[in-house]
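The values are calculated or read from the model by the stated rules, or taken from the named source; none is laboratory data. Just so we're clear, the structure is a prediction, and the values are computed from it rather than from any experiment. Cβ sites come from the backbone with ideal geometry, for glycine too, and all protein chains shown count toward neighbours. In case anyone asks, the SASA skips ligands and DNA or RNA and just uses the protein heavy atoms, side chains included. Shrake-Rupley method; radii C 1.70, N 1.55, O 1.52, S 1.80 Å.
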Amino acid sequence: MSEKPSYDPKAFKEFEHAGWERSAANYHDLFGRLTAQTNEAILGRVDARTDVRFLDAPCGTGELAGAAAKRGARVTGLDFSATMLADARGRHPDLEFRQGDAENLPFENAAFDAVSCQFGLRHFPDPGKAIAEAFRVLAPGGRYAYTDWCPPGISTFFQIIMDAAKAPGDASAPLPEGPSVSRLSDPDESRRTLAAAGFEETEAVELPVELRCGDPRYVLDIIYKSIVRTRGLLEAQPPEAREKIEQAILEGAESHRKDGEIVLTLPALMASGRKP
Ligand SMILES: C[S@@+](CC[C@H](N)C(=O)[O-])C[C@H]1O[C@@H](n2cnc3c(N)ncnc32)[C@H](O)[C@@H]1O
């Protein structure tokens with residue numbers, strides 16, 4: 001099922017592409033440490049094991065692809081960012097990585113036994129198109145799983161960012177427009193979406209993810225150096241508003257210090273299904 005966007009898909013894709021090209025150098029050591037906490041759950045769910053043909057799209061810097069290869073899967077990683085792929089290839093020189101668009105996969109029908117999309121859907125102008133493409137390239141009986149972040153309220157990480165964005169009052173600029181960041185992390189909605197794409201045995205489970213740090217500035221490092229949409233939000237602010245938001249993020253993170261360590265939760269929803 002494809003969304004009818006209220007935003008410009010081409011402009012959004014270009015914004016995302018430019019952003020990820022800037023994030024590759026630090027992604028693995030910052031945000032990648034968080035996303036990787038879902039690796040084993042995804043690989044278990046898609047049954048990645050010896051000789052399973054496994055596609056990870058988007059693969060980012062290749063952590064999930066590397067973990068799948070350790071299980072003996074025949075791995076292909078796909079991403080549209082040349083810099084993310086260069087980092088992935090440097091870390092996993094023996095694996096196959098392809099540059100391409102997850103909404104228009106450069107593979108034949110039924111080419112894979114397992115497909116994953118780890119924290120990718122909210123970055124595509126049309127997440128439904130990427131799910132349909134995953135379905136197309138899966139062989140009958142093949143399994144698909146995606147993860148997406150749970151919203152503020154469940155996630156203290158996203159809660160402090162959302163609260164901080166209100167700090168400047170009227171001066172704040174909106175988040176760059178793109179697909180809904182909450183729809184696909186809703187358990188019922190995710191299962192409905194997968195069923196509408198043709199998947200059966202759909203399942204939605206919440207996975208724990210935690211950010212631990214000693215210094216709240218680490219949260220700003222993650223935002224400025226390794227992710228795209230929240231950085232876009234901050235960079236779109238007038239300087240004074242930006243300063244207020246940064247300060248509110250630092251204070252928000254600090255308020256989650258326990259026994260000397262800041263612990264932020266950012267659970268993920270993992271939704272999955274099987275191609276009949
Ligand atoms: C949040 S990162 C996730 C990377 C990795 N899956 C992980 O969980 O760490 C989002 C990734 O999506 C890629 N991406 C965004 N839009 C894409 C598209 N249309 N096609 C392929 N890759 C895309 C970005 O380059 C980036 O590597």
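What the table below lists for this structure:
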{"quantity": "Sulfur and carbon atoms: percent of accessible area, the chain [1.4 Å]", "calculated": "50 percent"}
{"quantity": "Helix 156-165 vs. the chain, principal-axis angle (Cα, 0 to 90°, nearest 10)", "calculated": "50 degrees"}
{"quantity": "P(r), alpha carbons of the range 20-79 - 5 Å bins starting at zero, rounded %", "calculated": "4, 20, 29, 24, 13, 8, 2"}
{"quantity": "Kirkwood-based shape ratio for the range 68-173, expressed as Rg/Rh from alpha carbons", "calculated": "1.08"}
{"quantity": "Spin-label model distance (nm) - Y218 vs E177, 7 Å beyond Cα toward Cβ", "calculated": "3.7 nm"}
{"quantity": "Spatially proximal lysines relative to K166 (Cα-Cα < 27 Å; intrachain offsets below 8 disregarded)", "calculated": "K13, K225, K244, K258"}
{"quantity": "Residue-count net charge about E261 - beta-carbon cut-off 13 Å; Lys, Arg +1, Asp, Glu -1", "calculated": "-1"}
{"quantity": "Mean Cα-pair separation over length for the range 9-274, i.e. relative contact order, pairs under 8 Å, 6 or more apart, %", "calculated": "23 percent"}
{"quantity": "Mean projected area in nm² (Cα convex hull; one quarter of hull surface) for the range 112-198", "calculated": "6.4 nm²"}
{"quantity": "Cα-based equivalent ellipsoid, the chain: semi-axes from gyration tensor eigenvalues, Å", "calculated": "31, 20, 18"}
{"quantity": "The chain: most fluctuating residue of L138, L78, L211 per GNM, C-alpha cutoff 10 Å", "calculated": "L211"}
{"quantity": "Using alpha-carbon coordinates, inclination of helix 9-27 to the longest axis of the chain, degrees", "calculated": "80 degrees"}
{"quantity": "Tensor-based shape of the range 191-276 (alpha-carbon gyration tensor, a/c under 1.5 rounded, otherwise prolate or oblate)", "calculated": "oblate"}
{"quantity": "Gaussian network model of the chain, springs between alpha carbon atoms under 10 Å - residue of Y144, Y218, Y27 with greatest fluctuation", "calculated": "Y218"}
{"quantity": "Hydrodynamic radius (Kirkwood) for the range 115-162, which is based on Cα pairs only, to one decimal in Å", "calculated": "12.3 Å"}
{"quantity": "Estimated [θ] at 222 nm from DSSP helical runs (n ≥ 4, -39500 (n - 2.57)) normalised by residues in the chain, nearest 500", "calculated": "-12000 deg cm²/dmol"}
{"quantity": "FRET efficiency for R33 and A110, using Cβ-Cβ distance with R0 set to 41 Å, rounded to 0.05", "calculated": "0.75"}
{"quantity": "Candidate aspartates and glutamates for bridging to K275, where Cα separation is under 17 Å - those fewer than 8 sequence places away on the same chain excluded", "calculated": "D47, D56, E108, D113, E133, E200, E201, E203"}
